């Protein structure tokens, strides 16, 4: 199985995949569009969230960063007047960023670094970045400082996405290449799942790398997505602010239509040239949603505990016919 995943929602869904498919060969293509350089450290939040979650080191309360974390370094930096204060750089987490930065400076690729970090955490899946090339998500906003572009992390964490995004741009994506193994993982999969990650800045960032969308369309495996929207609201985070920026309504149906169908269904219009889905799993409150050319089924989608998450994964696999 291959999954495209962002941060907290994707990681929690993957815990269900592990429990439901204990013997499966699972590859996760992780979003690196959220990556940021702070204090000269290379930080890959989504890769780390997946790694920590599946490796048993995640903060269960926050859903990001390490369990039993302290923030002494961040507090000391604040005493010196050095920011940014809005980024939660924990002391345990700092070690991961130091190792990553040192290895990248020594000439190792991000794929190599991720594999090395996973040797410690043993997440039970193969985790690979979407690209070894630098891709950063930036957001165009207008505020008292004028019209400008800022890093996605600043918009998301400092501004809480409260300043409307005029555009969301994957800087560097056009010149990036899929990391080694990404295209093979999609081509050789028996099933491909799109977890309930942010469709714009998680799944969307991965799809912005040339070649990945085409590989997803061309795989012989069924492709099933799980809606991150329940009853018109994001399951977590501010995905609605991201969807508004690209002109997509915050609803399970609109997001399913945004992804589109890979193939034309009976009585449906021709499939879009960039459509991705064979199946779309929505919550029971959204039963009745239609996406032309895509089989849609409903199942409770709140990942309230591991058993509920396993049930969601099994519903997605049933929809995929595997």
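List of remarks:
- Remark on segment 185-320: Rg and Dmax equal 13.9, 39 Å (Cα only).
- Extension gain for residue 274 to residue 95 (0.36 nm times residue separation, less C-alpha to C-alpha distance): 60.4 nm.
- Tilt relative to the chain, helix 306-320 - C-alpha long axis, 0 to 90 degrees, to 10: 50 degrees
- Computed over the chain, the ratio Rg/Rh where both radii use C-alpha atoms and Rh is Kirkwood: 0.95
- In segment 146-189 the Cα-Cα distances spread across 5 Å bins starting at 0 as 5, 16, 20, 14, 11, 11, 12, 8, 2, 0 percent of all pairs.
- Adding -39500 (n - 2.57) for every DSSP H run of four residues or longer, then dividing by how many residues the chain holds, sets the calculated 222 nm ellipticity at -10000 deg cm²/dmol.
- FRET efficiency, 1/(1 + (r/R0)^6) with R0 22 Å, evaluated for residue 104 and residue 144 via beta carbons: 0.05
- Global form of segment 100-247, assessed from the alpha-carbon gyration tensor, a/c cut-off 1.5: oblate
- Axis of helix 45-55 versus longest Cα principal axis of the chain: the two differ by about 80°, to the nearest ten degrees.
- Put in line by how crowded their Cβ is, counting other Cβ atoms within 10 Å and starting with the fewest, 50, 248 read 248, 50.
- Between residue 163 and residue 287, the contour length at 0.36 nm per residue exceeds the Cα-Cα span by 41.4 nm.
- Residues within the reach of a label modelled at residue 38 (point 7 angstrom out along Cα to beta-carbon, backbone nitrogen below 15 Å), restricted to segment 105-128: there are none.
- Relative to the longest principal axis of the Cα atoms of the chain, the long axis of helix 91-105 makes an angle of roughly 90 degrees.
- For the chain, modelled as a GNM whose springs connect Cα atoms under 10 angstrom apart, the maximal fluctuation among 135, 294, 73 occurs at 73.
- Sorting the segments 230-242, 77-89, 189-201 by their mean number of nearby beta carbons within 10 angstrom, highest to lowest, gives 189-201, 230-242, 77-89.
- For the chain, a Gaussian network of Cα nodes joined below 10 Å ranks 69, 61, 154 by mean-square fluctuation, and the top entry is 61.
- Distance between the modelled labels on residue 73 and residue 25, one decimal in nanometres: 3.7 nm (7 Å Cα→Cβ projection).
- Segment 178-322: antiparallel DSSP beta bridges as a percent of all, rounded to 5: 20 percent
- Bridges between two residues of the chain, per DSSP, are antiparallel at a rate of about 50%.
- Fully extending the segment from residue 119 to residue 305 would add 64.3 nm, taking 0.36 nm per residue of separation and subtracting the current Cα-Cα distance.
Bear in mind these aren't lab numbers, they're just calculated from the coordinates by the rules spelled out. Note that this is a predicted model, so its numbers are computed, not measured. Note: ideal-geometry Cβ built from the backbone for every residue, glycine included; neighbour counts use all protein chains shown.
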